Amino acid sequence: MMSLTEENYLKALFNLSNESGEANVQALSRSLQIKMPTVTSMMNGKGRFQVTYRGETLTGEATRVSGEERKGVASAWGPNGSFMSCEYQMSSLVRGAGTCHFSDGARYQVHVGN
């Protein structure tokens with residue numbers, strides 16, 4: 001059975017693709033009221049991670065997994081108690097993909113880079 005979050009995600013994809021013939025990440029994030037995350041690199045395998053999710057700014061840290069050159073994890077918390085965690089794998093120095101899990105049960109595929 002599909003969760004309400006998954007159902008809303010699929011509805012947004014369907015509506016966007018019907019409206020414009022495609023559904024890109026920027027349009028999907030606007031439709032779901034989710035801002036794309038930013039990571040500020042500290043050039044030491046760690047970075048500051050920030051994303052606005054459903055009106056709340058979650059802030060935390062992204063870091064590479066010890067002994068794994070391309071794998072990383074990120075976690076962030078908000079002032080109202082929301083939190084999220086992500087696992088990702090870099091395909092190059094500046095690009096990658098992974099999955100984020102939010103405290104309300106939502107789960108999203110994420111892309112790192114531009």
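The values are calculated or read from the model by the stated rules, or taken from the named source; none is laboratory data. Predicted, not measured: the structure shown is a model, and the values here were computed from it. No Cβ is skipped: glycine too gets one built from the backbone with ideal geometry, and neighbour counts run over all protein chains shown.
Quick notes
- If you go through the range 92-106 and keep only what is surrounded by fewer than 14 Cβ atoms within 10 Å (Cβ to Cβ) and part of a strand (DSSP E or B), you end up with 97, 99.
- Being closer than 18 Å to residue 105 by Cα, part of a strand (DSSP E or B) and either touching a strand residue (DSSP E or B) at 6+ places or on another chain (Cβ under 8 Å) or at pLDDT below 80 (or both) holds for only one residue in 52, 63, and it is 52.
- Taking the criterion of being within 17 Å of residue 32 (Cα to Cα) and either among the acidic types (Asp, Glu) or out of contact with any Ser or Thr (no Cβ under 6 Å at 6 or more places or on another chain) (or both), the residues of the range 79-104 that qualify are 84, 99, 100, 102, 104.
- Close pairs from the range 73-90: first touching a residue at least 12 places away in the same chain (Cβ under 8 Å) and hydrophobic (A, V, I, L, M, F, W, C), partner outside any strand (DSSP E or B) and surrounded by 16 or more Cβ atoms within 10 Å (Cβ to Cβ), Cβ under 9 Å, at least 6 apart: 74/37; 76/37; 76/82; 84/78; 84/106; 86/37
- The residue list 23, 76 contains one member that is modelled with pLDDT of 80 or more, of a type in the set (A, V, I, L, M) and either outside any strand (DSSP E or B) or in contact with a Ser or Thr (Cβ under 6 Å, 6 or more places away or on another chain) (or both), which is 76.
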